[in-house]
Structure formats: C-alpha cells, structure tokens
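Read through the structure below, which is laid out as structure tokens, and then see the notes.
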Amino acid sequence: MEYRKLPKGEEMLSVLGLGMGGIQNTPPEEIQAVVERAIDNGINFFDLCAGGKCVYEPFGKAIRGRRDKIYFQLHFGAVYKESGEYGWSRDLDAVKKTFEWELKSLGTDYVDFGFLHCVDEESDFSDLKNGGIFDFVKGLKENGIVRHMGFSSHTPKVAHKLLDEGVMDMMMFSINPAYDLECGDEYGIGTTAERAQLFRRCEAEGVGISVMKPFHGGRLLSENTSPFKKALTKNQCIRYCLDRPAVLAVVPGVRNLEDLNELLKFPESTAAQQDYSEISEFTPESAVGSCVYCNHCLPCPAGIDIGLVNKYYDLSLAGDKMAAGHYEKLAVKADACLGCGHCDRRCPFKVKQWEKMQEIARYFKEN
Ligand code: SF4
Ligand code: SF4
C-alpha cells in the first residue's frame with residue numbers, strides 16, 4: 001500500500017481509503033469485519049458519511065485498540081433520523097447533537113478530519129456561516145477535538161470560496177474521468193480546465209484531496225452505462241484519480257466483504273492494469289494536447305518520469321511555490337531529453353512532448 005502525507009500535518013494516509021456510504025444494509029458483524037480486514041490490509045483512511053446510523057458502532061469496535069493509527073473524515077451536516085436513515089441538516093443544534101452521539105458510538109474523543117458537509121451551492125456556504133456550523137467546527141479545531149478542518153463539494157466555484165477562508169486542510173471532491181472530461185452527470189460540475197485549476201490550487205496551497213465517486217457511481221465500470229460506451233476497471237479509475245494534483249486518497253464505497261476484496265486488488269495491480277490512457281478518445285477538443293500525467297508514453301530512454309515532470313511544470317505555472325523544489329530533486333530532469341520522439345508517438349492525448357520537454361527545461365532554468 002502506498003501512503004501519502006497530509007501537507008499540513010504528519011498523517012500518512014493510505015491512497016486507497018474506504019467510504020461507508022453504502023454499507024448500511026449489511027449486518028453489523030460484517031461491517032466490523034470489513035473495517036478490520038481493510039485495516040489488516042493497510043487501509044488507514046475512512047470516510048464516515050454513513051448511509052445509516054447502524055454503521056458507527058461496528059466501526060468504533062473495529063478501530064478500538066488502534067485508534068491512533070486510523071484516520072477518518074466526519075461530516076458536520078450529515079445527520080441521522082430516529083429510524084437510522086441518513087439525512088442532512090444546517091441546524092446547529094441538530095449538528096451538535098449528532099456529533100455528540102457520533103463520538104459516543106465510535107468510542108473516541110476526537111475526529112481526524114471535521115468536514116463541512118456537501119457544500120455545493122453558494123447558499124450552502126452562507127447557511128453554514130450564518131447558522132454557526134462553520135464557527136462550531138473551527139472552534140472544535142482550535143480545541144483539538146477536530147484535528148483538521150475540511151469540506152466536501154462537487155462545485156469548483158463554491159470550493160474556491162471555501163479555500164479562500166484559509167483554514168482548510170482537506171477537500172473531498174468528486175473526481176473521475178467522466179466528470180473531468182465533461183461527460184458526467186449533474187455532479188460533474190465545471191469544465192476540464194476549471195476542475196484541473198482547482199486541483200492545482202489545492203496542491204499549491206497544501207490542501208489535500210480525498211476523492212468521492214471515483215467510478216461515477218459504478219457507471220464507468222460497464223459499457224452499457226459508461227458515458228464512454230466502454231467499461232473502465234476500478235484499478236484504472238483509482239489510478240486516474242491518484243494522478244490528479246493534490247489527491248491523497250480515493251475513498252470508494254463498499255457494501256460488504258466481497259466489494260472490499262475486489263478493491264484490495266488495487267495495491268497489487270500492475271502499471272499496465274492501471275493504465276487509463278484509453279480515455280484519450282473522449283478528451284474534449286479544448287483539452288487535446290494537454291498532458292494528463294498518465295505516463296502511457298513511458299519508457300523514456302533518458303529515464304524521465306514524463307508525467308511527473310509535466311505535473312510539476314503545470315503546478316509551478318499555477319503558482320505552486322513548492323513545485324520547482326520538487327522538480328529540482330528529481331534525479332532525471334527535462335534537460336536529459338534525447339529528442340527521440342518516442343513519447344510523441346505513444347501519447348494518446350496528442351501532446352507534443354519532445355517540444356514540451358525543451359520548454360520545461362528552459363522554464364525551470366530561468367525560474
Ligand atoms: S505525454 Fe501523453 S502519454 Fe505521456 S504522460 Fe502526458 S498525457 Fe500521458
Ligand atoms: S523525446 Fe525525450 S522525453 Fe520523450 S521519450 Fe524521448 S527522451 Fe524521453
């Protein structure tokens with residue numbers, strides 16, 4: 001399992017996380033077994049926007065005795081009815097009551113990531129501010145009960161507003177190839193360029209991203225439902241998300257042990273099994289010629305990590321002050337390019353990479 005460090009913290013998060021949003025119809029013993037098996041296999045990061053109240057107790061049992069090694073996101077605004085069903089609220093008292101109940105059920109006295117839940121509209125943002133929920137979570141952070149503050153959103157424009165507050169360490173965002181290539185559903189908001197710009201801003205400002213909906217609600221996994229008329233695999237979708245700037249972890253939902261076992265194949269899968277470059281056929285005209293960091297063009301005879309070099313370049317252009325430093329640390333840089341043209345011939349996104357390498361080498365020499 002690969003782990004990525006939270007930029008504003010010491011936590012190392014497993015790149016494969018787990019969402020609890022679809023597990024509520026499973027018996028509590030199996031929910032506990034799913035979480036335990038996930039942890040035993042190196043997963044240490046969970047999203048607790050649960051589909052039902054019944055998830056919290058077995059989750060709490062599963063992490064008992066190893067709480068300090070587990071990180072989870074808790075959503076302020078997700079509440080549960082008496083029946084246990086998930087709902088959401090902007091009422092401060094309801095949110096406080098739910099939080100108290102959640103800590104008790106989980107058997108813990110702190111939360112790793114306290115999220116403002118589902119901030120999609122500008123009115124969500126003002127409701128959270130005016131209703132006191134924003135300040136409540138901020139206060140919990142100041143008291144150490146919430147270790148890091150974050151939010152979940154599907155909307156780039158609103159996400160920027162939250163980032164402007166300057167207090168966020170983490171953002172949960174819906175990312176998958178369909179959304180990023182402008183052929184998703186109502187949750188695939190923003191153009192390819194707007195979405196890429198948001199991810200770059202997060203990287204530049206040290207805000208980590210956890211990914212929801214990596215499979216487009218399962219639609220990408222079947223040729224009958226995929227907007228690309230072609231099925232992608234879970235391994236391809238997960239790798240795609242992990243290659244976006246600022247992404248620390250992907251948190252797909254599981255319903256049972258069977259779903260978990262399938263996900264656990266990801267860390268063992270090969271680069272060829274994760275190669276998602278076939279999505280190039282669906283790249284909108286405006287994005288043709290832009291590197292998506294997929295590394296389908298490797299191997300490079302000079303040993304250049306072409307995707308990574310391009311990522312650092314794009315981040316630096318977007319104002320990320322750390323990117324040049326990361327680039328400098330690379331053992332093989334753009335100036336090692338031999339001009340063989342192999343990458344140009346291999347790139348399905350029609351990137352003129354040979355020319356790009358010269359441009360990148362020049363840029364980093366001058367900056
Ligand atoms: S040049 Fe093309 S194949 Fe290579 S990393 Fe970029 S998008 Fe992928
Ligand atoms: S053109 Fe340069 S970057 Fe591309 S494969 Fe050849 S040596 Fe590597």
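The values are calculated or read from the model by the stated rules, or taken from the named source; none is laboratory data. As the structure is a prediction and not an experimental result, all values here were calculated from the model. Here Cβ is always computed from backbone atoms with ideal geometry, including for glycine, and neighbour counts include all displayed protein chains. Calculation scope for accessible area: heavy atoms of the full protein, side chains included, ligands and nucleic acids excluded. Shrake-Rupley method; radii C 1.70, N 1.55, O 1.52, S 1.80 Å.
Remark: pairs (first residue in the stretch 175-201, more than 19 Å from V251 (Cα to Cα) and open to solvent by 10 Å² or more (accessible area, probe 1.4 Å); second residue among the polar types (S, T, N, Q) and not in a loop (DSSP other than H, G, I, E, B); Cβ separation under 7 Å; 6+ apart in sequence or on different chains) = L181/T192; E182/T192; T192/S286; A193/S286.
With respect to (1) within 22 Å of G166 (Cα to Cα); (2) surrounded by fewer than 20 Cβ atoms within 10 Å (Cβ to Cβ); (3) touching a Phe, Trp or Tyr at 6+ places or on another chain (Cβ under 9 Å), the lone exception for Y86 is condition (1).
Table: residues versus (1) touching a residue at least 60 places away in the same chain (Cβ under 8 Å); (2) closer than 17 Å to E102 by Cα.
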{"position": "G9", "(1), (2)": "yes, no"}
{"position": "L16", "(1), (2)": "yes, no"}
{"position": "G19", "(1), (2)": "yes, yes"}
{"position": "A33", "(1), (2)": "yes, no"}
{"position": "F45", "(1), (2)": "yes, no"}
{"position": "L48", "(1), (2)": "no, yes"}
{"position": "K53", "(1), (2)": "no, yes"}
{"position": "I63", "(1), (2)": "no, yes"}
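For the stretch 8-15, the criterion of being in a loop (DSSP other than H, G, I, E, B) and open to solvent by 30 Å² or more (accessible area, probe 1.4 Å) is met by at least one residue.
Inside the stretch 18-56, residues that are more than 23 Å from K81 (Cβ to Cβ), surrounded by fewer than 24 Cβ atoms within 10 Å (Cβ to Cβ) and within 18 Å of the chain's Cα centre (by Cα) make up a count of 2. Of everything in the stretch 208-229, what is without any contact (Cβ under 8 Å) to a residue 40 or more places away in the chain and more than 18 Å from C49 (Cβ to Cβ)? Give them in sequence order. Across the stretch 208-229, the qualifying residues are L221, S222, E223, N224, T225, K229. Among the conditions (1) within 21 Å of the chain's Cα centre (by Cα); (2) open to solvent by 20 Å² or more (accessible area, probe 1.4 Å); (3) within 16 Å of ligand 2 (Cβ to nearest atom), the only one that N310 does not satisfy is (2).
Going through N235, N261 one at a time, which residue ends up being outside the structural domain of L315 (by TED's automatic domain parsing), assigned to a helix (DSSP H, G or I), more than 13 Å from ligand 1 (Cβ to nearest atom) and closer than 30 Å to M322 by Cα? Before the answer, list the steps.
Values: N261 fails: closer than 30 Å to M322 by Cα.
Exactly one of N235, N261 is outside the structural domain of L315 (by TED's automatic domain parsing), assigned to a helix (DSSP H, G or I), more than 13 Å from ligand 1 (Cβ to nearest atom) and closer than 30 Å to M322 by Cα, namely N235.
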